[in-house]
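All of the numbers you see were taken from the coordinates with simple rules; none came from a lab. Predicted model, so just to flag it, every value in this text is computed and none were measured. We place every Cβ from the backbone using ideal geometry, glycine too, and count neighbours over all the protein chains shown.
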Amino acid sequence: MKGNEAIAEAAIRANCRHFFGYPITPQTEISAYMAKRMPKIGGTFLQAESEVAAINMVYGAAGAGVRAMTSSSSPGISLKAEGLSYIAGADLPCVVVNIVRAGPGLGGIQPAQSDYFQAVKGGGHGDYKMIVLAPSSIQETVDSTFDAFDLADKYRMPVMILGDGMLGQMMEPISFPDSADRPTYDKDWATTGTKNKRRANVINSLYIQPEELEQVIWAREEKYREIEKTEVKYESEGLGDADVVVVAYGTTARVVKAAVKAAADEGIKVGLIRPVTLWPFPSEIIAKTAKNVKAMLSVEMSTGQMVEDIRLAANGACPVAFYGRTGGVIPTPDGILEQIRRMVI
Amino acid sequence: MEIVFQRPKALADVPFHYCSGCSHGIVHRLVAEVIDELDIAGDTIGVAPVGCSVFAYNYFNVDMQQAAHGRAPAVATGVKRANPDNIVFTYQGDGDLAAIGTAETVHAAARGENITVIFINNAIYGMTGGQMAPTTLVGQVTQTSPYGRKIEAQGYPIRMSEMLATLEGPSFIKRCSVDSVKNINDTKNAIKKAFQNQMDKKGFSMVEILSTCPTNWGLSPVESLGWLRENMIPHYPLGVYKDIDGGEKV
């Protein structure tokens with residue numbers, strides 16, 4: 001199945017029945033799939049008048065207690081930033097897919113990872129976080145979609161699936177997890193109508209008194225600290241005796257794996273850390289690894305964004321180099337191998 | 001003793017923050033009376049805007065969502081699509097509905113989204129201290145049109161009811177005013193019809209209500225009512241602009 005369609009089908013199987021979108025390359029297949037499937041299963045597919053409207057429809061539906069989702073690509077996510085901030089500020093669960101393309105501006109439609117900062121550092125205004133999942137295969141994309149809805153409901157916050165044009169368009173065989181095994185979440189805070197039986201529920205992010213707002217924000221930070229402790233996911237290989245460890249996620253990690261294997265064949269002791277959650281970031285394993293290696297290398301389809309978080313985690317314990325291609329260019333195994341070789345000279 | 005007048009149940013027992021002579025209090029009460037009379041409080045979800053009525057979520061005794069500036073119709077769409085049996089209304093001012101949220105307003109109307117929109121038109125931005133609104137009249141002095149709104153610099157005010165009435169989606173669009181007892185009663189009837197239409201699944205309804213903002217107009221409450229009659233009503237004629245039930249139009 002194509003990556004984009006796999007995300008859409010996984011969302012439906014994870015009991016999402018409300019999808020609001022707006023066309024943009026290279027994620028349009030998600031909307032097209034939803035448009036076809038949702039009416040047949042009693043769900044809602046709505047093509048909004050803008051990305052701004054789509055994310056606000058998600059806000060309304062999520063606030064009303066249903067699993068809601070939108071998807072877009074980089075320029076569209078910039079437009080959704082306002083809504084994401086409000087969703088985070090109102091503690092609403094939702095899933096947002098960003099099939100990243102090259103930027104800035106209209107950029108290009110080829111794969112990129114240049115929205116890392118926007119995804120993990122905010123994008124919208126205010127003190128908030130999103131859980132950011134960065135799958136690197138179609139199967140992992142499916143699993144991430146199920147996880148995204150569960151994490152969103154569990155922590156009442158937006159969860160982003162950060163893919164790229166390559167993952168969205170690529171085809172791989174997949175199997176779908178059974179949604180019956182997943183937990184369910186009580187949403188007694190949702191605006192479903194009081195039925196004259198309870199006090200009115202309010203979905204809101206406005207607190208006029210600074211002390212009150214500060215308290216709300218710090219309480220949310222506590223939730224974020226808990227997530228950093230419990231929800232970090234990464235894959236690693238060859239860390240035991242590595243001289244050099246490469247860090248990469250998503251599509252880039254697939255290319256890096258080929259380069260790491262080629263380097264190993266040349267006798268270079270090289271390992272890999274592949275963050276699956278970009279926030280929470282696998283800082284702990286990076287900090288630990290940095291103490292035992294000669295150097296680390298961040299490979300990204302950007303001019304260097306995740307590398308800053310790696311350096312923060314490494315905290316000077318080893319040099320952290322960067323290699324990247326950007327603008328829609330995918331790094332090659334040879335290009336990465338060349339970098340790895342340079343680091344062990 | 002017989003009770004002849006009391007606070008509607010759908011209105012929370014808290015003091016409004018609105019200025020003296022502001023129309024929001026009247027319109028809040030009308031909406032709450034309609035919710036009571038239609039006995040829909042338990043199924044109603046209101047969407048509050050950004051603007052003076054942002055705190056509407058504290059004032060209506062029903063489930064509420066607060067929306068980003070201008071996005072109330074999109075938020076209401078999400079709420080309605082999630083639970084179509086609920087009654088969903090937005091309460092928005094002119095800056096919210098006719099400037100920053102124009103696209104959301106037009107497209108919710110065009111879709112015939114089955115929601116009720118209460119539109120307060122007082123020709124000024126109230127919350128931020130009296131700036132020019134999309135509905136500010138030509139010549140009207142505001143903080144950001146200190147020499148009066150000039151056509152060559154700021155263009156013309158938008159008549160939303162007329163504009164939306166050109167669409168096929170809306171079921172009912174009426175412009176009312178709360179400047180007199182007669183017009184207040186008329187406004188209440190229009191609000192009631194706008195909610196009833198939604199209950200009858202007729203689609204998008206909007207009631208535009210010409211309102212006063214004495215504080216930012218720099219007039220007393222009584223002078224404001226006169227200013228509304230003399231200046232706003234001629235530019236924004238009252239009446240029905242769309243009614244799929246065949247009511248008489250302007």
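Checked against (1) buried (at least 24 other Cβ atoms within 10 Å of the Cβ); (2) touching a strand residue (DSSP E or B) at 6+ places or on another chain (Cβ under 7 Å); (3) within 14 Å of chain B (Cβ to nearest Cβ), residue A:115 passes all but a single condition, namely (3). All conditions in (1) in a strand (DSSP E or B); (2) surrounded by fewer than 20 Cβ atoms within 10 Å (Cβ to Cβ) hold for residue A:97, with the sole exception of (2). If you go through the range B:82-90 one residue at a time, do you hit one that is within 14 Å of the chain's Cα centre (by Cα), surrounded by fewer than 24 Cβ atoms within 10 Å (Cβ to Cβ) and within 13 Å of chain A (Cβ to nearest Cβ)? For the range B:82-90, residues within 14 Å of the chain's Cα centre (by Cα), surrounded by fewer than 24 Cβ atoms within 10 Å (Cβ to Cβ) and within 13 Å of chain A (Cβ to nearest Cβ): absent. Picking from residues in the range B:36-65 that are facing another protein chain (nearest Cβ under 7 Å) and out of contact with any strand residue (DSSP E or B) (no Cβ under 8 Å at 6 or more places or on another chain), the one that is surrounded by the fewest Cβ atoms within 10 Å (Cβ to Cβ) is B:42.
A quick yes/no check of all residues on (1) without any contact (Cβ under 8 Å) to a residue 60 or more places away in the chain; (2) among the charged types (D, E, K, R); (3) surrounded by fewer than 20 Cβ atoms within 10 Å (Cβ to Cβ):
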site	(1), (2), (3)
A:124	yes, no, no
A:146	no, no, no
A:149	no, no, no
A:153	no, yes, no
A:158	no, no, no
A:161	no, no, no
A:167	no, no, no
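Taking the range B:53-81 as the range and being of a type in the set (Gly, Ala, Ser) and over 17 Å from the mean Cα position of the chain (by Cα) as the test, only B:78 passes.
State whether one or more residues within the range A:197-218 are in contact (Cβ under 8 Å) with a residue 60 or more places away in the chain and out of contact with any helix residue (DSSP H, G or I) (no Cβ under 8 Å at 6 or more places or on another chain). Yes; the residues of the range A:197-218 include at least one that is in contact (Cβ under 8 Å) with a residue 60 or more places away in the chain and out of contact with any helix residue (DSSP H, G or I) (no Cβ under 8 Å at 6 or more places or on another chain).
Checked against the criteria, residue B:99 counts as of a type in the set (A, V, I, L, M), surrounded by fewer than 24 Cβ atoms within 10 Å (Cβ to Cβ) and either part of a strand (DSSP E or B) or more than 9 Å from chain A (Cβ to nearest Cβ) (or both). Mind listing whichever residues of the range B:1-35 are within 15 Å of residue B:213 (Cα to Cα), out of contact with any strand residue (DSSP E or B) (no Cβ under 8 Å at 6 or more places or on another chain) and assigned to a helix (DSSP H, G or I)? The answer is B:25, B:26.
Looking across the range A:53-84, the residues that are more than 7 Å from every other protein chain (Cβ to nearest Cβ), over 26 Å from residue A:154 (Cβ atoms) and not in a loop (DSSP other than H, G, I, E, B) come down to A:74, A:75, A:76, A:78, A:79.
Selection of the range A:107-156 for residues being among the β-branched types (Val, Ile, Thr) and over 15 Å from residue A:84 (Cα atoms) yields A:109, A:138, A:141, A:142, A:145. The set of residues in the range A:308-343 that are without any contact (Cβ under 8 Å) to a residue 40 or more places away in the chain and either assigned to a loop (DSSP other than H, G, I, E, B) or farther than 20 Å from residue A:258 by Cα (or both) comprises A:308, A:311, A:312, A:313, A:314, A:315, A:316, A:317, A:318, A:319, A:320, A:325.
Criterion applied to A:65, A:105 was being free of Cβ contacts under 8 Å to residues at least 40 places away in the same chain and either among the charged types (D, E, K, R) or surrounded by fewer than 24 Cβ atoms within 10 Å (Cβ to Cβ) (or both), and the one residue passing it is A:105.
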